Every structure is written in C-alpha cells, then in structure tokens.
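A.B. asks: My structure is below; once you've seen it, I'll send some questions.
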Amino acid sequence: MAISSIIDPERLERIEFSNDEIARYSRHLIMPEVTLEGQKRLKAASVLCIGAGGLGSPIALYLAAAGVGRMGLVDADTVDFSNLQRQILHGTKDVGRKKLNSARDRIREVNPNVQVDLYDDFFTSANARRISEPYDIIIDGTDNFPTRYCSNDIAVFLKKPNIYGSIFRFDGQCTVFAPHLGGPCYRCMFPEPPPPGMVPSCAEGGVLGVLPGIIGVMQAIEAVKLIMGIGEPLIGRMIAFDALKMKFREFKLRKDPKCPVCSANPTITELIDYDQFCGIPQAKAAEEAEAPVPQITVQDLKAKLDRGDKFRLIDVREPFEWDICRIPGATLIPLGQLPSRMSELDSADDIVLQCKSGARSARALKLLQEAGFNKLNNLEGGILAWAEQIDTSVPKY
C-alpha cells in the first residue's frame, strides 16, 4: 500500500542546501519521484539504527550518502577481526576501537553534512524510550531477541515505523512493522520468543559476508521510501531472500487481533524486562542449578601435554572448524556424532573435551556423564582461549 511521507511538511520550511549539497544530491534531484522536496524530507528526517554491525553498516552508509539529516547509532561493542568480513563500516585499522567511533568517522567521510548521535550502550527497557523519542524511524540491525522485542514495543508505543531485518548463513528477511500505519508488529508474528539457545546467532552459525549488504540495503530503501512518501513500503509484507538460489519470496503479514502490544486491547502497555521475557536469567539459573561442569584451564592442559600425561583430548567441533585450526594431539568427534561413537572412548581414561569456546564441549561432557563416564574435564574457553593464552599462531575464527 502507498502512504504519504512520515515527515511533517512544516519541517521542510527550515531546510536549505548549499551548492555542494546540490551537487552531491544531483542524481536525486533530477528524479521526478524525488526532486528538491524529496531531498528536503531526507535532510529533515532522523533515523535511529540499533546496531553498527553487519546490517547497521549498509544501513548507515547508504542513508548517510542519501542525505538523511540526523542519524542515531546504538552499539556497545568493539571492532573484532571476525567482524570485517561483513561489517563494512569498519576497517582493519579499527580493530579494538569502539564500533561507534569507527562508524562515526566512516559516516563523516561519506557525508559530513549528517548529524551523527552516538549511544554507547545496549538497547534496553531502561533507555529505549529516551534514545528512540527524537527519531522518526527505528531500524533494527541486531541479532538477539531481547532487543528485537524491545525495539518493537517502543516503536509501537511511540507510533514510529520499525524496519526489521534478520540474517543467518545464506538467508535474510526484511519488513516494516508499523501498526499505526495499518500493518502488524513483530509480536503479531512471534508472540513468544524461542527458548534460549534454540536459535543460533551469526557468531555461532555463521553468515555469508555479503548477505547483510543485501538485507541492510533493503532496510535503507524502506526508510527512504517512508521518508519521501514514495512507492509501496513493506508494511504487511515480508521479503525473504535465499542467496544460494538467488530467489526472493514475498509473504503477506497480518495483524493479530489479540496481539498483546498493538491490538485494540493490549495487555502490555509499557516496556518490560526483555531478558526476563526471553528466558535468559531463567536459563542461566537452570544451568547453574545443574551439576557443575568440571573445568580445566588452557594452562593446565598445556602442562599435561608438556608432561606427557596419558589422557584423551576430544575436539567436538565440526570438520570444517577442525580444518581451520586444532590443538596438537586432539581427536575429532563432532558433538552430533558423539552418541554413536562413544565406543571409541574408554571410561577408564582421563578425557578432556574441547570446542571453540567451551559451550558445545560442556554439552558433550554431560552426554558422557549420563553414559557413565566420570573422569572428564571441559576445556575452559575452548580453542579460542588456547589461541589467546598459549599459542598465538593458532588462528581465531
């Protein structure tokens, strides 16, 4: 459905352009769908981008280049080498810097006329209203459920469009949640979050580096359309993209008449504790209530190897991870194969289990405990800790 611009026409009266700006935006100005008035709307607009990572990078870069007058960035992270494959706001020289500072500098290079507001924090119920209120549009560029529900709810309460994008491996999705404009909200699709740990993050499952470029640009396009009042925004529609097949599919989305947030009779009318809602504290408490996982540090493992102690070091990662790096003397038994390959292990042996960071190997340890093994230890921090503290020649991924 077509809608008019979300920008109040009275704000355009104060907008002026220098000759340099006219030259910068000239390819916009000669488009009959844009013209000088449309460019004024862009300059008058303000957009909040939650996340300066994979999705936030193309969103921020293209909206800045397009001439959005004010942009807010929310992120509390620092740049890591593993970010550089997809987070094009940042470069090699930025590793170790705050993402916000790197993003600000890059945006200023693209367009020094953009006002950039930085929020060095996580987006939570404690700050969501204060951060969101000054902006016309909220764009969610995150990959965790507490933030998704929080950004959705504050957008509904403040009657602001929430432009949603998600990515995983080779697949991406994009839509616009805007109940005040006739569409559904995120909770209409997903009333309840999945159990903690059920859906892997990009850090756990990986993502094709160019995929966030596609989805993030789609989010930026939707923002431009809403600001200018052109075209048909993705309100009530979701685009799903399969990069391997190079296929786009469109799905119709409908409002849930019983939605707890955007229905006529909402049961949630203020921001809540989204970590609690998504079950994160409960999951941690349940984990802590279980029998403690016996741990061994990388220093202790190195000492065992140096002494020539008799033990088995079992790597439960996947074969493609094993190809990237490994600890000398380890045996590869992927976690998914462990139940069928337990016969390769002797319960009388001293066994150390290892994965990338320690989470999968902890699950493997519990499987072996249930099978009657008791001489077990989990490598604390996994091969990442080994690479950081013992052998820096081992690549991190």
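A.B. asks: Might you let me know whether region 15-22 holds any residue that is out of contact with any Phe, Trp or Tyr (no Cβ under 9 Å at 6 or more places or on another chain), hydroxyl-bearing (Ser, Thr, Tyr) and open to solvent by less than 50 Å² (accessible area, probe 1.4 Å)? Working first, answer last.
C.D. replies: So in region 15-22, the residues out of contact with any Phe, Trp or Tyr (no Cβ under 9 Å at 6 or more places or on another chain) come out as 15-16, 18-22.
Narrowing the set further to residues that are hydroxyl-bearing (Ser, Thr, Tyr) leaves 18.
Narrowing the set further to residues that are open to solvent by less than 50 Å² (accessible area, probe 1.4 Å) leaves none.
So far as region 15-22 goes, no, none of its residues is out of contact with any Phe, Trp or Tyr (no Cβ under 9 Å at 6 or more places or on another chain), hydroxyl-bearing (Ser, Thr, Tyr) and open to solvent by less than 50 Å² (accessible area, probe 1.4 Å).
A.B. asks: Quick one: how many residues across region 151-163 are open to solvent by less than 30 Å² (accessible area, probe 1.4 Å) and in contact (Cβ under 8 Å) with a residue 40 or more places away in the chain?
C.D. replies: Total meeting the criteria: 7.
A.B. asks: Of everything in region 261-284, what is small (Gly, Ala, Ser) and assigned to a helix (DSSP H, G or I)? Give them in sequence order.
C.D. replies: ALA283
A.B. asks: Is it the case that region 73-84 has a residue that's free of Cβ contacts under 8 Å to residues at least 40 places away in the same chain, among the polar types (S, T, N, Q) and open to solvent by 50 Å² or more (accessible area, probe 1.4 Å)?
C.D. replies: yes
A.B. asks: Out of region 102-150, which residues are open to solvent by 50 Å² or more (accessible area, probe 1.4 Å) and farther than 30 Å from CYS259 by Cα?
C.D. replies: Across region 102-150, the qualifying residues are ARG104, ASP105, ARG106, ARG108, GLU109, PRO112, ASN113, GLN115, LEU118, ASP120.
A.B. asks: As an exercise: evaluate ALA289 against (1) modelled with pLDDT under 95; (2) open to solvent by 70 Å² or more (accessible area, probe 1.4 Å); (3) under 30 Å from ALA178 (Cβ atoms) and give the number of the one condition it does not meet.
C.D. replies: Result: ALA289 fails condition (3) only.
A.B. asks: Report yes if some residue within region 34-43 is out of contact with any His (no Cβ under 6 Å at 6 or more places or on another chain), closer than 30 Å to ARG148 by Cβ, open to solvent by 20 Å² or more (accessible area, probe 1.4 Å) and at pLDDT 95 or above; otherwise report no.
C.D. replies: Scanning region 34-43, I find at least one residue that is out of contact with any His (no Cβ under 6 Å at 6 or more places or on another chain), closer than 30 Å to ARG148 by Cβ, open to solvent by 20 Å² or more (accessible area, probe 1.4 Å) and at pLDDT 95 or above, so the answer is yes.
A.B. asks: Please determine whether any residue of region 108-116 is in a helix (DSSP H, G or I), under 22 Å from ALA66 (Cβ atoms), at pLDDT 95 or above and among the basic types (Lys, Arg).
C.D. replies: Checked against the condition, which is being in a helix (DSSP H, G or I), under 22 Å from ALA66 (Cβ atoms), at pLDDT 95 or above and among the basic types (Lys, Arg), region 108-116 yields at least one hit.
A.B. asks: Only residues in region 320-348 that are without any contact (Cβ under 8 Å) to a residue 40 or more places away in the chain count as the first member; pair them with residues that are acidic (Asp, Glu), Cβ under 6 angstrom, at least 6 apart or cross-chain, and list the lot.
C.D. replies: ALA330/ASP315; LEU332/ASP315; PRO334/GLU318
A.B. asks: Residue pairs, Cβ under 7 Å, 6 or more apart or interchain, first in region 231-256 and part of a loop (DSSP other than H, G, I, E, B), second modelled with pLDDT of 95 or more and among the aromatic types (Phe, Trp, Tyr). List them.
C.D. replies: Pairs found: ALA243/PHE170; LEU244/PHE170.
Yes or no, residue by residue, for (1) farther than 30 Å from ASN377 by Cα; (2) basic (Lys, Arg):
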position	(1), (2)
PRO233	yes, no
LYS247	yes, yes
LYS255	yes, yes
SER263	yes, no
THR269	yes, no
PRO294	no, no
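A.B. asks: Something else about it: Condition first: of a type outside the set (D, E, K, R), out of contact with any Leu (no Cβ under 8 Å at 6 or more places or on another chain) and open to solvent by 40 Å² or more (accessible area, probe 1.4 Å). Now tell me which residues in region 85-100 satisfy that.
C.D. replies: Those that are of a type outside the set (D, E, K, R), out of contact with any Leu (no Cβ under 8 Å at 6 or more places or on another chain) and open to solvent by 40 Å² or more (accessible area, probe 1.4 Å): GLN85, GLY96.
A.B. asks: In addition: Being out of contact with any Gly (no Cβ under 6 Å at 6 or more places or on another chain) and over 26 Å from VAL79 (Cα atoms) is true for just one of ALA387, ALA348, ALA359. Which residue is that?
C.D. replies: Details: ALA387 fails: over 26 Å from VAL79 (Cα atoms); ALA359 fails: over 26 Å from VAL79 (Cα atoms).
Only one candidate passes the filter, namely ALA348.
The values are calculated or read from the model by the stated rules, or taken from the named source; none is laboratory data. Given the structure is predicted, the values throughout are model-derived calculations rather than measurements. In this analysis, Cβ positions are derived from the backbone assuming ideal geometry, glycine residues included, and neighbour counts consider all displayed protein chains. Heads up: the accessible areas ignore ligands, DNA and RNA and are worked out on the full protein's heavy atoms, side chains in. Shrake-Rupley method; radii C 1.70, N 1.55, O 1.52, S 1.80 Å.
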